[in-house]
Amino acid sequence: MNRPLVKVVIGWLMGVLCVQLTGGQWLLYTCGFMVVLISGVTFINSEVRGSYLLVALTCMVSGFVYSYTMLQNVSELRIASDEDIHVTGTIESKPIRDGDQLRFDLQLAQIWHQSKWIHTKERIKVVIKIESMKQWEQSQQVRRGWVIQAPLHMERPSLPRNPGAFHYRDYLQQQSIFWIGKSTGLQSLKQIGTESSLMTWIDRVHQLFTDQMAHLYSDTEVQGFMKGLLLGDRYDVPMEWEEQYQTLGLVHILSISGFHVSLLVGALFLMLRYVGMTREKSAWLMLCFLPFYVLLTGAESPIVRAGLVSGMMCLAIAWRKEKDILSFLCLAALIQLCFEPFLIFNPGFQLSYVVTAALIVGTTPLANRFPYGYEWFRYTLAGACVAQAASFPLLVYYFHESSLFSLMANVLFAPFFSVVVLPIGYGSLLVSFLVLPIGIWLTQGLTWIIQFSQNGIEWVQQVSGHLFSFAHPNWIWLSVYILLMVGSWWTWVSVRYVHSKIPWLISSVWICWIGVGIWGTFWPASHHEITMIDVGQGDAFLIRTKLGKTILIDGGGRLPYPQKEWQKRRNPFDVGEDVVVPFLTYQGVNQIDLLVSTHGDADHLQGLGAVVKRFPIEKIIRNPLPTISKLEKEWTREVRGRDIPIHIAPIGQIWGIEPGVSITFLYPDFRDEALYGGTSNNAGLVLLFTIDQKHILFTGDIEQHAEEKILQAWNLPKIDIYKVAHHGSKTSSTEAFIHQMRPRYALISVGEKNLYGHPSPEVVGRLQKAGTQIYRTDQMGAVTVRINQEEVQFSSMLQEKGRE
Amino acid sequence: MRSWWSKIFGDSSASCWFCQSPRPRVIGDHVWEQLCAGCMEKRKILAYPQCKVCGKPSSIDDSFCYDCQRTPEYERVVNISCVEYNHWARLVVQQWKYRGDERLSRPMGLWMASLIKQRFLSRDRFLITYVPCHRNRVYERGFDQAKQLAHIIGAQLHVPVMDLLVRQSYQDQQQSKRSREQRLQALVGAFSYQGKQMDVSGQSVLLVDDVYTTGSTVRECAKLLRRANFQPVACTFARANSEYV
């Protein structure tokens, strides 16, 4: 099998890998390549020398390309962060209005900086806050191609503040965007001209279709869903639906995927043939139609991929050449990478190509080996298996979770959407331009079908325990997984193992290896780990013991403030859903053994709502006082509904968790009259953890009153790590309390630039006077403490501010 | 000279084993799947249920065919075959044997080997031997067709091949050109056993031949092998079905 393009792609990947491993050190791998080249010419026998040289040469070229583009990929703007500047530029992307935000990419022409205009060619992201309903309506007028002038507050994209969190700065940097310009109010935006291009025209056509769809579908949810499916408007798909599809691994059918494009092209081609056109003419016609379709639906990388491959297929038909999809796919990848080299680091791009390549190579052989069934069924099943297996390592690496039902859902729903929903959707849209009633009649039927399938998906979704978290995999696990996957595929497919037990053996080892990914290694870890999760203003601590017990103390959160309907974002930020749950998933948590809720304030409790919904919980411990706040009452009701036992903290008792780890419940005493009716802060649960003879004190939000009570009732040992009470408020952590504990380290969980002025300089001063080393989330992001018999190690996410 | 297109995109198709037409290339193909669509349509795999001795398709499960009922029990030889000896198979065999397309031994041998693996390999020890040609015939054709098949099968299954039989009589008219009675007549004394007298009591031996028509050749050879204390079974590439003898 002679496929030069496959070799070129392999070489390209190796080059990228080399750059990643060596960090782009020119000299090192230039020497390496010389050695490889010379050895290739001299030692390798003539049969494989050609391929060897091809791979080595592309490896070298891509190595140089990447290290060069990485060096070039820096901002040309010489401005400081948090600077206010005036800019002019052209809107480059379709503006997205999301609640009270308007976002678009701006191609700068010039900026007003240090009282002169500077020309530049940089692209930035612009986020404009909409202030009123009137502006919200006006914002719909903003179009791609507008030349605008605006004052912007320039910021660097944020860094991840928790392990495993989304690296927004890297993500934008890969699109050569280095700055985010923010501004408030639409009136600051001044339109000074319009540049019309092909894209503005295409946007107009897109708008035409969108308007037509608004006529067609009466149900807004189904309308949004179909807009995503047919026109690629991902932002119109209802968020709840998207989450459900995501957990079931069906998200690829939600927005236009490459598969849709191939399906559509195939169907149109057959239609043209049926009308009576020759193969060649229909292929040329499809070639004219393809770029338009790709641009219309948003030109995301999977769509571009499918468009390129289908285009090459059409070209092969038109020129009557041989069709080799694998080589076409490789060429498509190379074309995309030539325009945007950094796409290769994009998870969507990787998933799209890996899954397609696996489907092309793996499906047919596997389908031939299934002994029974109709051909279409065998192919669907084999395709679903191959796609699942190939996408699994990437999904685990980037998203850390996978559903048990994913395979089943794909076999059941994916064909249904591509065979039923998609054709009727496009058909009704086109027909409606001619005869509107027929279109409406069709879409009513479609709405009914979609709602029916949605009920099915929701029902599957409710079955608990199908979602597994995988700790971030290391390269050993990943490479063994890939070896086992390819190995078991090969043994199933190959003639050599037809009547042997080896395929069964390898496949069962492979499945066990996935189990290793879920439940981690079988031997205990070397350290106990405490993480102070950066939840902004609030508290959330995760404790993972050596034997894998998981304890979560509070879950951060914020009070929901009232919003008008138009202000609501599609995916409003929620500490639990967007910070705590992703972090726990990243850590590979599949069950929480003990959940501690110190008290009912929003900044400790609200984030636990999402946690309770996502993870099975063994038991919950709370303080002995009655629930006061509405939030806490709702939360308790939710917990009761899930049959999770809630325990009242047994004050004065010591609980052993595992050898070397115990919890002492210090406070509060429910007989204390002062706690009733006052603020909830003083009723907060205070725990003393003893982990390998180190004492860690968790104090919740307690204030002076509680501290005095604790000092009266207990003879505190010397504390090693002190969670500073109430985010470092000056009403807590009194001199006497600190003097008694003499903590070696202090943890402060506090939001950056918070309204309360936490932590107060007085408390910081008191701690420093006692010789305490302070770790705080507003400066360091999440802080991880690793404890064992010998040592206590600290590490933080934002290292550069770490050790001051 | 390849076109610029196939220089860039490579050759993705392979050719059919038997007629060299292009066919799709799929990883892990079995040899009987490496056929073009035309051959795939024409070749006919023997259907089940079959006669439990000679492998002739029959309508009744677990039965003996009429031919096997006529032969005495001690002469019956279990036979398995890859395809029905229809027009396509006849053309293939003709091209291979009479027009000297020696390459075809390979797909035929591999095909037979995987069939043997499925049906017979549970027997713990066995040998392979073959129905030999007369040395004059080998000289005419340039190769001994059954011997080649036997060696390919032996190499594939890691089983030794032994030359146990030798053909004594050489006739102008070939076996395939005679009627049933003539064949039975002509075969008497056609082969002889040339292997050493060994203590092989109960050792299975696999007899390889290209075409099974009435089974007389196979039975004749089996008779000699039984006399030398072997337990013979047979494997042939094609097997005649009643309407096409």
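The values are calculated or read from the model by the stated rules, or taken from the named source; none is laboratory data. Values in this document were obtained by computation on a predicted structure and should not be read as measured data. Cβ placement follows ideal geometry from the backbone for every residue including glycine, while neighbour counts extend to all protein chains displayed.
Criterion first (in a helix (DSSP H, G or I), touching a residue at least 24 places away in the same chain (Cβ under 8 Å) and not basic (K, R)) does A:F416 satisfy it?
For A:F416, the condition - in a helix (DSSP H, G or I), touching a residue at least 24 places away in the same chain (Cβ under 8 Å) and not basic (K, R) - is met.
Quick check, is A:E322 without any contact (Cβ under 8 Å) to a residue 40 or more places away in the chain, surrounded by fewer than 22 Cβ atoms within 10 Å (Cβ to Cβ) and either under 36 Å from the mean Cα position of the chain (by Cα) or over 17 Å from A:L268 (Cα atoms) (or both)?
So A:E322 fits the description; yes.
Within the stretch A:367-375, is there a residue that is in contact with a Gly (Cβ under 6 Å, 6 or more places away or on another chain), over 30 Å from A:P163 (Cα atoms) and within 14 Å of chain B (Cβ to nearest Cβ)?
No: the stretch A:367-375 contains no residue that is in contact with a Gly (Cβ under 6 Å, 6 or more places away or on another chain), over 30 Å from A:P163 (Cα atoms) and within 14 Å of chain B (Cβ to nearest Cβ).
For the stretch A:635-657, indicate whether the set of residues that are touching a residue at least 60 places away in the same chain (Cβ under 8 Å) and surrounded by 14 or more Cβ atoms within 10 Å (Cβ to Cβ) is non-empty.
yes
So is A:G538 in contact with a Gly (Cβ under 9 Å, 6 or more places away or on another chain) and closer than 15 Å to A:P473 by Cα or not? Spell out how you get there, then give the answer.
Details: in contact with a Gly (Cβ under 9 Å, 6 or more places away or on another chain): yes; closer than 15 Å to A:P473 by Cα: no.
No, not satisfied.
Collect the residues in the stretch A:756-804 that are surrounded by fewer than 20 Cβ atoms within 10 Å (Cβ to Cβ), without any contact (Cβ under 8 Å) to a residue 60 or more places away in the chain and of a type in the set (A, V, I, L, M), keeping them in residue-number order.
Within the stretch A:756-804, A:V764, A:A770 meet the criteria.
Give the residues of the stretch A:472-529 that are of a type in the set (S, T, Y), modelled with pLDDT under 90 and in a helix (DSSP H, G or I), sorted by residue number. If you could, list the steps in order and put the result at the bottom.
Residues of the stretch A:472-529 of a type in the set (S, T, Y): A:479, A:481, A:488, A:491, A:494, A:497, A:500, A:507-508, A:521, A:526.
From the residues that got through so far, the ones that are modelled with pLDDT under 90 too are A:494, A:497, A:500, A:521, A:526.
The answer is A:Y497, and nothing else.
Restricting to the stretch B:20-50, count the residues that are without any contact (Cβ under 8 Å) to a residue 40 or more places away in the chain and in contact with a helix residue (DSSP H, G or I) (Cβ under 6 Å, 6 or more places away or on another chain).
The total comes to 3.
Filter the stretch B:6-25 down to the residues that are crowded, with 18+ Cβ neighbours inside 10 Å and facing chain A (nearest Cβ under 8 Å), then identify the one that is farthest from A:V9 (Cα to Cα).
So, considering only residues that are crowded, with 18+ Cβ neighbours inside 10 Å and facing chain A (nearest Cβ under 8 Å), the one farthest from A:V9 (Cα to Cα) is B:S12.
Just wondering, is there one or more residues in the stretch A:620-630 that are closer than 24 Å to A:S662 by Cβ and assigned to a helix (DSSP H, G or I)?
no
Those residues that are crowded, with 18+ Cβ neighbours inside 10 Å and out of contact with any Phe, Trp or Tyr (no Cβ under 9 Å at 6 or more places or on another chain), I need them from the stretch B:27-40; list them, please.
Scanning the stretch B:27-40 gives a single hit, B:D29.
Return yes when A:I648 is in contact with a strand residue (DSSP E or B) (Cβ under 6 Å, 6 or more places away or on another chain) and either among the acidic types (D, E) or assigned by the TED database to the domain that holds A:G677 (or both) and no when it is not.
So A:I648 does not fit the description; no.
Which of the residues spanning the stretch A:90-147 are assigned to a loop (DSSP other than H, G, I, E, B), surrounded by fewer than 18 Cβ atoms within 10 Å (Cβ to Cβ) and either in contact with a Pro (Cβ under 6 Å, 6 or more places away or on another chain) or among the polar types (S, T, N, Q) (or both)?
A:S93, A:Q114, A:S115, A:S132
Suppose we filter A:T664, A:T636 for residues that are assigned to a strand (DSSP E or B), at pLDDT 90 or above and not acidic (D, E); which single one remains? Break it down into steps so the answer makes sense when it comes.
On the way: A:T636 fails: assigned to a strand (DSSP E or B).
Exactly one residue qualifies, and that residue is A:T664.
With respect to A:W513, is the statement that it is more than 30 Å from B:I116 (Cβ to Cβ), free of Cβ contacts under 8 Å to residues at least 24 places away in the same chain and surrounded by fewer than 16 Cβ atoms within 10 Å (Cβ to Cβ) true?
No; evaluated as a whole, the condition is false for this residue.
A:G362 - would you say it is at positive phi and outside the structural domain of A:Y168 (by the TED database)? Spell out how you get there, then give the answer.
On the way: at positive phi: no; outside the structural domain of A:Y168 (by the TED database): yes.
It is false that A:G362 is at positive phi and outside the structural domain of A:Y168 (by the TED database).
Looking at A:C314, A:C330 in this structure, which one is closer than 21 Å to B:K7 by Cα, within 12 Å of chain B (Cβ to nearest Cβ), touching a residue at least 40 places away in the same chain (Cβ under 8 Å) and part of a helix (DSSP H, G or I)?
A:C330
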